[in-house]
Ligand SMILES: Nc1ncnc2c1ncn2[C@@H]1O[C@H](COP(=O)(O)OP(=O)(O)OP(=O)(O)O)[C@@H](O)[C@H]1O
Ligand SMILES: [Mg+2]
């Protein structure tokens, strides 16, 4: 793309340049770089459509009025394989939408576009533009704008909203059902009333928690990196977290073992955020690994990182779920475990926080034996 800045095209290909830059969303880039472009522009005057197409990052084909390919840039061959020059474009693109687009542009000389998707070898979605290359050249350009990433992000956003609404709607529906019952059949039944109010309270608490988690995620997304000047005494922090969670662990008959080793370990980080990380991991280990009876929290020093592992001896996580548990709202269905109280946002938050700390999370698990979640953090100092 670098060459783009210095290109001044002849009148002949100006239409194509204008259109190509516009189509690729680069027109503003050109004006931004106007200063830089005031170098040896004279020498580059007269660049042809082929030079221009070759310089573009997106797949571009040049075709003649019979739709035979006269040039394919390297992005086009990378995306669609090699083209035999002089052969019809339709040998490679059989999709009716491409045929319609190209035939239309060849006949009318007017720029047009269509949507085009290929499933093989991988699923890709393109917006395809076809345009004549300047008056009198009898060349036409077909430009492919890859939309796959944008589509993926759009889908993620839609999924996220759908999931969040669903998660909120379920407790809300149950609360509204209980209100009706309290007004109707349970009006004169104090025992049932007390029980329903308890459930309603639990449901509102769950909704409040979900909203807190969502806010926490969006706050984390807004500030992408932590202040590297802040440091945390890791062992002291873990001690506090384990102390806080011990009553909850005792309730589900879990003993939390600390294997911290000697010496202080200081890492760069935000104490509140790291507390959130370890609270969620240890809480998960107690909640989902309850059958194992114990959870081990250990710290190890590797060459340039600290590894904090949380191991449980519960049912484990099947391989196919492991890469997905850090996705928002993802929860693994477990036999015998009642509908989980969690929101499925905990590990998504963990992953976000660790990324901000220049760290990462790794997960090892064996069905029937247990799971180890390891937090890897860059190691700053020890004493
Ligand atoms: N130690 C573990 N053993 C087995 N499954 C686990 C373990 N930790 C997490 N999981 C699975 O991963 C899912 C996602 O965990 P995550 O912490 O993101 O959400 P959650 O615990 O359901 O909700 P929240 O953390 O918001 O309360 C859990 O629902 C559970 O199915
Ligand atoms: Mg959790």
inquiry  = Within a 10 angstrom radius of the beta carbon, how do 156, 200, 248 rank from fewest other beta carbons to most?
reply    = 156, 248, 200
ask   = Per the Cauchy relation, a quarter of the hull surface: what is the mean projected area of the convex hull of the alpha carbons in the stretch 50-132, in nm²?
value = 5.0
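Beta carbons within 10 angstrom, averaged per residue: use that to sort the peptides 347-354, 123-130, highest first. Spell out each step's value before the answer.
Details: 347-354: 21.4, 123-130: 18.6.
Order by mean packing, descending: 347-354, 123-130.
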ask   = Antiparallel as a % of all DSSP beta bridges within the stretch 196-315, to the nearest 5?
value = 65
ask   = When only alpha-carbon atoms count, how far does the stretch 150-230 stretch along each of its three principal axes, as whole angstroms with the largest first?
value = 59, 38, 11
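So for the stretch 225-383, Kirkwood radius off the Cα pairs, Stokes-Einstein at 25 °C and 0.890 mPa s: how many µm² s⁻¹? Before the final figure, lay out each step's value.
On the way: Rh = 15.9 Å.
It comes out at roughly 155 µm²/s.
Which order results if 148, 75 are arranged by neighbouring Cβ count within 10 Å, fewest first? All intermediate terms of the calculation are to be shown ahead of the outcome.
Numbers: 148 14, 75 17.
Exposure proxy ranking, most exposed first: 148, 75.
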query = Is any residue of the stretch 68-106 close enough, with backbone N under 17 Å, to a label point placed 7 angstrom from the Cα of residue 148 along the Cα-Cβ axis, and if so, which?
reply = 74-82
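Throughout, read-outs are computed from the coordinates displayed, never taken from laboratory work. All of these numbers come straight from a predicted model, not from anything done at the bench. Note: ideal-geometry Cβ built from the backbone for every residue, glycine included; neighbour counts use all protein chains shown.
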